[in-house]
1. Just give me the residues in the stretch 199-216 being among the polar types (S, T, N, Q) and touching a residue at least 24 places away in the same chain (Cβ under 8 Å), in sequence order.
2. Please specify each residue of the stretch 12-37 satisfying the condition of being of a type in the set (A, V, I, L, M, F, W, C), closer than 18 Å to His106 by Cβ and assigned to a loop (DSSP other than H, G, I, E, B).
3. Here are Gly145, Gly138, Gly104: which of them is under 24 Å from Arg179 (Cβ atoms) and surrounded by fewer than 17 Cβ atoms within 10 Å (Cβ to Cβ)?
4. Quick one: how many residues across the stretch 77-89 are part of a loop (DSSP other than H, G, I, E, B) and either within 18 Å of the chain's Cα centre (by Cα) or surrounded by 10 or more Cβ atoms within 10 Å (Cβ to Cβ) (or both)?
5. For Val177, indicate whether it is surrounded by 13 or more Cβ atoms within 10 Å (Cβ to Cβ), among the β-branched types (Val, Ile, Thr), at negative phi and in contact with a His (Cβ under 9 Å, 6 or more places away or on another chain).
6. Could you pull out the residue among Ala62, Ala39 that is more than 14 Å from the chain's Cα centre (by Cα) and of a type in the set (A, V, I, L, M, F, W, C)?
7. Might you check whether a residue that is out of contact with any strand residue (DSSP E or B) (no Cβ under 6 Å at 6 or more places or on another chain) and buried (at least 18 other Cβ atoms within 10 Å of the Cβ) occurs anywhere in the stretch 153-162?
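The values are calculated or read from the model by the stated rules, or taken from the named source; none is laboratory data. Please read all numbers here as calculations on a predicted model, not as lab measurements. No Cβ is skipped: glycine too gets one built from the backbone with ideal geometry, and neighbour counts run over all protein chains shown.
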Amino acid sequence: MAVIHRTTVVPSKDELLTAWLPTRPWYRPAAGGPRLERAGGFRLDDPAGEVGIEFMVVTDTAGDGPVSYLVPLTYRGAPLEGAEGALVGTMEHGVLGRRWAYDGCHDPVLVAGLLALIEGRAQAQDQNTSDLPDPGIGRSFTGEGPLPAALSTVTDDRDATQLHDAPRGVTLRLNRVLRPGALVQDAAGEVTGWWRQPDGTRARGPFAVLRTGTGA
C-alpha cells in the first residue's frame with residue numbers, strides 16, 4: 001500500500017515539471033509558460049513497496065488556451081540504472097530523504113502496474129489519500145491475457161508516448177495531451193479518467209489505450 005506523507009518536498013513537483021515539460025516533444029509551447037495547475041490523477045501501488053507511482057494531470061494555463069497533460073511519474077530512493085534520459089529531477093522529501101523522479105513511461109515498475117490495472121489485477125488509488133481506491137478511474141480489457149510484464153521500446157510523438165512489445169504485437173499508448181471525450185476504437189484495453197478544467201468543470205477522456213495483434 002502506498003503511504004501518502006504530509007511533508008515538504010523541495011523542489012516541489014510543480015517546480016520540477018515547469019522546467020521539464022518544455023523539453024518534451026508533446027509539449028505545446030506557450031508564451032510565458034508553463035503556468036501549471038494540478039488538475040487530477042491517481043496512484044498505483046508497487047507490490048514491492050519500493051517505488052512511488054503517480055499519474056499526474058497538470059493544465060498549462062499560459063498562452064492562448066489551456067492544455068492538459070498526463071504525466072506518469074515514479075519516485076525512487078536511488079537512481080534507476082540506464083534511465084538517465086528519463087530523469088525529471090531530484091527532490092528532498094521531508095520523510096523519505098532524497099528521491100529521484102522519473103518519467104514513468106521509462107520505468108518498468110510503472111509500466112507493469114499500468115498493464116496490471118488494465119487487466120484488472122491492480123486497482124487505481126486516490127492521489128492524495130492512503131489506502132483509498134479511486135472509483136473515478138475506469139479500465140477495461142477485452143484482449144487475451146496475460147499481458148507481457150514489460151514493453152521494451154518507448155517512443156514519443158506530438159501527442160503521446162507509445163510503448164511497444166514487437167514479438168507479442170502489443171502497443172500501449174499514453175495520451176500526453178488530453179482531450180475530453182476522445183473516442184477510442186478497436187482497443188483491446190484502456191484506462192480512462194477525469195480532470196478539472198480551469199473553469200471548474202470536469203472533463204473525461206482516455207489516459208491509456210492498449211492494442212494487441214493486428215490492431216497494434
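1. Residues satisfying the conditions are Thr212, Thr214.
2. Result: Trp26, single match.
3. Selected residue: Gly138, the only one of Gly145, Gly138, Gly104 that is under 24 Å from Arg179 (Cβ atoms) and surrounded by fewer than 17 Cβ atoms within 10 Å (Cβ to Cβ).
4. 4
5. Considered against the rule, which asks whether it is surrounded by 13 or more Cβ atoms within 10 Å (Cβ to Cβ), among the β-branched types (Val, Ile, Thr), at negative phi and in contact with a His (Cβ under 9 Å, 6 or more places away or on another chain), Val177 comes out as no.
6. Ala62
7. no
Okay, residues lined up against (1) closer than 27 Å to Gly94 by Cβ; (2) at pLDDT 95 or above:
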| position | (1), (2) |
| --- | --- |
| His5 | yes, no |
| Trp26 | no, yes |
| Gly32 | no, no |
| Phe42 | yes, yes |
| Phe55 | yes, yes |
| Val58 | yes, yes |
| Ala78 | yes, yes |
